[in-house]
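Throughout, read-outs are computed from the coordinates displayed, never taken from laboratory work. This one's a predicted model, so the numbers in the text were calculated from it and none came from an experiment. So basically every Cβ, Gly included, is an ideal-geometry build from the backbone, and we count neighbours across all protein chains shown.
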Amino acid sequence: MSIFAGARKCDLKILAEELGETVNDSHKLKDLKKVILASKEYDEESAKEWMNTIINERKEREVIAEQKRQEVIAEQKRQDEIAERRRQDEIAERKRKDEMEFELQKIRLGAEGRSLNSNSVANQNVNTTQIKPKLEIHHLKQKFNSDENDISLYLITFERLAKQAEILETTWVTHLLGSLPYDVAQLIAREPDEIANDYGEVKKDIVETV
């Protein structure tokens, strides 16, 4: 069998250089074979062993390079999957928050409607300028966060702001609902009207719940 079996141009170039011959990339495959066979250092058995070693080392490098290429592809795929999952999670979270906000708004409007109905007779002679607060309290008060706020202090601040904004106490519950966590607001909304519209009762429930 020829010593050049399975050899590539790059393999022959290395063997020729190891034999002390000067070659370059312009040499063709057949030219490299002639240079090797004509070399003074050429010995068939030695050259054959040398050639096998060169070919095996080249194949090992190719295997390693392919493994690295596959690893890069796999890592890129993994990163893409992570990014896609994160994007889907963000979409789901935005949807969840939108749904919670929508439900909270329905609860708030329902409580507001109950409050207006229960106080319509008592407030029918009240001037509309007195009913409408001078300030919108949600512009003054940030939403309650159990990790950052103490509920008792939060409610005290809310009451002060409500008084400063000249909000009727009969509507305090309505304004407070929009600042509470969704689960607490739902709990209040499920209470009977006489409790859900009574700020004192609602305050007691909130302090016990949160």
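What to note about this one:
- Per-pair calculated FRET efficiency, R0 = 35 Å: Ile64 and Lys34 via Cβ, rounded to 0.05: 0.65
- Computed on region 1-79, with alpha-carbon pairs under 8 angstrom and 6+ residues apart, the relative contact order is 34 percent.
- Ratio of the Cα radius of gyration of region 137-209 to 2.2 N^0.38 Å, where N counts its residues: 1.01
- Relative contact order (%) - criterion: Cα under 8 Å, at least six apart; region: region 137-209: 35
- Compactness check for region 1-115: Cα Rg over 2.2 N^0.38 Å is 2.51.
- Potential extension, Phe102-Ser146 segment - 0.36 nm per residue separation minus Cα distance: 13.7 nm
- Distance violations [Cα-Cα > 28 Å] among Lys33/Lys68; Lys97/Lys203; Lys95/Lys143; Lys9/Lys77; Lys97/Lys163: Lys33/Lys68; Lys9/Lys77; Lys97/Lys163
- Label-point separation, Leu153 to Asp43 (7 Å along Cα→Cβ), nm: 9.1
- Segment Asn24-Asn56, extension gain: residue separation times 0.36 nm, minus the distance between their alpha carbons: 9.3 nm
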